[in-house]
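The values are calculated or read from the model by the stated rules, or taken from the named source; none is laboratory data. This one's a predicted model, so the numbers in the text were calculated from it and none came from an experiment. Here the Cβ is made from the backbone with ideal geometry for all residues, glycine too, and neighbour counts use every protein chain on show.
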Amino acid sequence: MLSGERPMIVGDSDMVVRDYVEEILASGFPGIRPLGERARRAQIASYLARVVERDFPEQGLRVRRPATLQAWLSAYAAATATTTSYNSLLDAATAGETTKPAKTTTTAYRDVLSQLWMLDPVSGWTLNRKHLRRLTQAPKHHLADPALAAHLLGVDAGALLQGRSAGPDIPRDGSLLGALFESLVTLSVQVYAQANEATVHHLRTRDGDHKVDLIVQRRDQRVVALEVKLDGVPEQADVRHLLWLRDRLGEDLLEAAVITAGAHAYRRSDGIAVIPAVLLGP
């Protein structure tokens, strides 16, 4: 896709949404992935406890109120795949509390968690070009592993499949499962992009009229644009932002695709590719 040769888009997958839920919950940590469900939860809980009790002090920050950090992490998990402001995250983490931590405290949380590679935000894409100057630079929130987000929010496969929300009240478009599926795809795309010396961003206009989940940019600034949707057969509304971007970038848009949890890979009549997530990588 990054070559710009517009490859043939074809293939089939027998994975269904439930299989992707299992991928989200299984984690990508090699020591956790092979374990049973209960053991995975215990290991993730232990990992998070170690971050607070050992890794933070080693980074020079002793956590005086572990519950506040836990609440902030839960709010960040609830904000997966959104551009929620850090002020809003703090408000969600401390809802109902009269005494809130200073903003400098939560900024320190964010900085240390970034140094520990627990936070893996996707930066806003900017391009100095007519019609594309009003883009936000706010990051899209992602943890390093969607299993961490699911654990912090206390959701299992049943809750995700039933569409239940969990954790602090963070506005989002779509379901929690949709957000975690996007996080799973984002994690994979970042790996593939790095192997191809490309960078990964997201696009959002300042007024929110146009959004593209992932922009994969080559060194020459030509890009592949990806939308992530759980639905197997994208509707016209699901590709409108990709078509809008194609109108503005022309040949600098190497490829545009919707990544789904569906069964079939194909190219739509408007030229947009549809690719099951499991078929995206090598």
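Going through VAL51, VAL10, VAL17 one at a time, which residue ends up being at pLDDT 90 or above, closer than 22 Å to ALA257 by Cα and surrounded by 14 or more Cβ atoms within 10 Å (Cβ to Cβ)?
VAL17
Mind checking which residues of segment 56-105 are of a type in the set (Asp, Glu) and more than 24 Å from the chain's Cα centre (by Cα)?
GLU58, GLU97 - these are the residues of segment 56-105 that are of a type in the set (Asp, Glu) and more than 24 Å from the chain's Cα centre (by Cα).
Quick check on this structure: which one of LEU184, LEU176, LEU203 is buried (at least 16 other Cβ atoms within 10 Å of the Cβ), touching a Pro at 6+ places or on another chain (Cβ under 7 Å) and more than 29 Å from GLY60 (Cβ to Cβ)?
Matching residue, one of LEU184, LEU176, LEU203: LEU184.
Only strands (runs of 3 or more DSSP E) wholly contained in segment 173-282 count here; list those with 2 or more residues that are in contact with a helix residue (DSSP H, G or I) (Cβ under 8 Å, 6 or more places away or on another chain).
Strands (runs of 3 or more DSSP E) meeting the threshold: 199-204, 211-217, 223-228, 253-260.
Are any of the residues in segment 89-112 within 18 Å of GLY178 (Cβ to Cβ), at pLDDT 90 or above and either β-branched (Val, Ile, Thr) or touching a strand residue (DSSP E or B) at 6+ places or on another chain (Cβ under 8 Å) (or both)?
No: zero hits.
Being surrounded by fewer than 14 Cβ atoms within 10 Å (Cβ to Cβ), within 18 Å of GLY124 (Cα to Cα) and either modelled with pLDDT of 95 or more or of a type in the set (S, T, N, Q) (or both) is the filter here, so list the residues in segment 217-254 that pass it.
GLN221, the sole residue that qualifies.
Please specify each residue of segment 63-83 satisfying the condition of being surrounded by fewer than 24 Cβ atoms within 10 Å (Cβ to Cβ), in a loop (DSSP other than H, G, I, E, B) and of a type in the set (Val, Ile, Thr).
Across segment 63-83, the qualifying residues are VAL63, THR82, THR83.
Over 28 Å from ARG206 (Cβ atoms) and modelled with pLDDT under 90: does that describe ALA39?
So ALA39 does not fit the description; no.
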